Amino acid sequence: MKKLLLLFILLLNNTYASNYGELLFNGNCITCHLKTKKVSAPSIKEVKKNYINAFPKEKDFVQYMSKWVLQPNITTSVMKYAIEEFELMPELGYDKYTLEEISKYIYRTDFSR
């Protein structure tokens, strides 16, 4: 019985962890960054493509994206052309952990589906 309870807790925790970044993304980022269409900002598919090209390893991708979104800066931007089109992303006031979870979700998700 204890093993079954432990297995249930581990499965629940794993499901929570895998959906947490998605929940954060859909609750915050999707307002401006639609999955495949540009409206008020580049699509997240486009953002991911640019960041993957610049930072192919997940650790680097997550570190750079979360740091940049924490304090957006035109001189350190991977997408200067998008700033010209949409202006600089505002500081949103999220903590680094939240931004890292969102960045992991973006790295691991196929937005072309």
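One table, with the values for the structure above:
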item: Net charge contributed by nearby residues that have their C-beta within less than 12 Å of Ser40 (K/R +1, D/E -1); result: 0
item: Full-stretch length increase - Glu91, Lys67 - with 0.36 nm per residue and alpha-carbon distance subtracted; result: 7.5 nm
item: Cα gyration tensor category, rounded, prolate or oblate, for the range 17-111 with a/c compared to 1.5; result: rounded
item: Chymotrypsin sites (Phe, Trp or Tyr not before Pro) within the range 45-108, DSSP loop, no more than 11 other Cβ atoms inside 10 Å; result: none
item: Sparse-neighbour loop sites [trypsin sites (Lys or Arg not before Pro); the range 26-98; at most 12 other C-beta within 10 Å; DSSP]; result: Lys37, Lys57
item: Efficiency of FRET between Cys32 and Lys57 - r from beta-carbon atoms, R0 30 angstrom, step 0.05; result: 0.70
item: Sparse-neighbour loop sites [GluC sites (Glu not before Pro); the range 52-113; at most 14 other C-beta within 10 Å; DSSP]; result: Glu87, Glu91
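Here, each number is a calculation from the coordinates, and none is a lab measurement. None of these values were measured; they are calculated from a predicted model. As a convention, Cβ positions derive from the backbone with ideal geometry for all residues, glycine included, and neighbour counts pool all protein chains shown.
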